[in-house]
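> Pasting a structure here, questions to come.
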Amino acid sequence: MAIARMSRDTIETGLGWSWRPQRVLGCIRDPNTLAIVIGRERVQGFCITQFADEIGHLSLLAVDAKSRRRGLGRQLVIWMLASARVAGLATIHVEMRTTNLPARAFYRTLGFEDAGVVAGYYRGVESALRMVLSLRSRDLSDVSWEPPLAWRRPADS
Ligand SMILES: CC(C)(COP(=O)(O)OP(=O)(O)OC[C@H]1O[C@@H](n2cnc3c(N)ncnc32)[C@H](O)[C@@H]1OP(=O)(O)O)[C@@H](O)C(=O)NCCC(=O)NCCS
């Protein structure tokens, strides 16, 4: 309930309420969704990411207004990225209102890059900025590889 309420008040402001408790609960129960929450007595922040094949979609991220600029948002994304790498994902996608410049600045510090504007993405009334983070190296030319010791024949060593 706290996550749904925070989503309504800090992420969906002015756009209605699509992330209601039932939808949030469905995500938490979904084995392909990673839900990370910070806070014991009250929710200070959360990050919900859906994993599909090689793509992760960061659907919800928020930090309570009183707890911002203390590194919690960054930590939430870093935890999510650790799982995404283990799961073998290639990219993480996220959308935000084009007017949400703080979020854009935040994602840029984590290596996300602008990947285009989606007109009318939010209920046909607001456009979204899509950002993408690549989890794989684009240039593998410098990577050297050696077979594990166990594979080598005695003559090789
Ligand atoms: C975006 C959000 C999750 C960031 O959480 P946070 O815990 O405050 O972020 P962090 O403290 O980890 O910030 C890490 C870095 O991101 C950048 N950053 C964060 N908030 C910023 C802001 N308002 N303006 C500019 N840069 C910002 C800074 O470089 C910051 O490092 P610094 O504090 O050392 O300068 C938080 O502002 C929030 O909940 N916003 C409302 C909901 C939202 O917009 N969610 C994202 C859309 S899906």
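Every number in this text was worked out from the coordinates using simple rules, so none of it is lab data. Since the structure is predicted, the reported quantities are computational estimates derived from the model, not experimental observations. Using ideal geometry, Cβ is built from the backbone for each residue, glycine included, and neighbour counts are taken over all protein chains shown.
> At 20 angstrom or more along the helix axis (alpha-carbon based) and mean Kyte-Doolittle of 0.0 or higher, what helices does the chain contain? Whole DSSP H runs only. Show your work: numbers first, answer last.
Details: long enough: 72-86 (22 Å, 1.01).
Result, helices passing both filters: 72-86.
> Separate question: Hey, with R₀ at 35 Å, roughly what FRET efficiency would Ala115 and Glu146 work out to, going by the Cβ-Cβ distance, to 0.05?
The value I calculate is 0.45.
> Please work out how much length the chain gains when fully extended from Arg20 to Ser83, using 0.36 nm per residue of separation minus the C-alpha to C-alpha distance, in nm with one decimal. Could you put the intermediate results ahead of the total?
Working: separation 63, 0.36 × 63 = 22.68 nm, distance 2.54 nm.
Residue separation times 0.36 nm, minus the Cα-Cα distance, leaves 20.1 nm.
> Lys and Arg at +1, Asp and Glu at -1: add these up for the other residues within a Cβ distance under 15 Å of Gly120 and post the number.
Taking every other residue near Gly120 into account, the sum is +1.
> On to the next question. For the stretch 16-84, calculate the relative contact order in percent as a whole number, restricting contacts to Cα pairs under 8 Å that are 6 or more residues apart.
23 percent
> Using the Karplus equation 6.51 cos²θ - 1.76 cosθ + 1.60 (θ = phi - 60°), what ³J(HN,Hα) coupling, rounded to whole Hz, does each residue of the stretch 34-45 give in order, writing x for Gly and Pro?
Working through the residues one at a time gives 9, 10, 10, 10, 10, x, 9, 6, 9, 6, 9, x Hz.
> Round to the nearest 0.05 the FRET efficiency obtained for Arg68 and Glu41 when R0 = 25 Å and r is the Cβ-Cβ distance.
0.85
> At 7 Å along Cα-to-Cβ for each site, give me the label-to-label distance between Asp53 and Arg8 in nm.
3.6 nm
> Treating only the Cβ of Lys, Arg, Asp and Glu as charged (+1, +1, -1, -1), what charge dipole size does the chain show about its Cα centre? Round to the nearest 20 debye. Kindly include the intermediate steps, with their values, before the conclusion.
Details: 22 positive and 15 negative charges, 139 e Å.
The calculation lands at about 660 debye.
> Then there's this: Within the set of other residues whose C-beta is less than 14 Å from the C-beta of Arg130, count the net charge using Lys and Arg as +1 and Asp and Glu as -1.
Result for the neighbourhood of Arg130: -1.
> For the stretch 2-137, build the convex hull from the C-alpha positions and give me its volume per residue in Å³.
Each residue corresponds to 113 Å³ of Cα convex hull volume.
> On to the next question. At 0.36 nm per residue, minus the direct Cα-Cα distance, what do Ser134 and Met1 gain on full extension? Give it in nm, one decimal, please.
Separation in residues times 0.36 nm, less the Cα-Cα distance, equals 44.7 nm.
> Let me ask something else. Which net charge results for the neighbourhood of Ser7, defined as the other residues with beta-carbon distances under 10 angstrom from its beta-carbon, given Lys and Arg at +1 and Asp and Glu at -1? Before the final figure, lay out the partial values.
Values: positive: Arg5, Arg8, Arg20, Arg23; negative: Asp9, Glu12.
Result for the neighbourhood of Ser7: +2.
> At 222 nm, what value in deg cm²/dmol follows for the chain if DSSP H runs of at least 4 each add -39500 (n - 2.57) and the sum is divided by all its residues, to the nearest 500?
-7000 deg cm²/dmol
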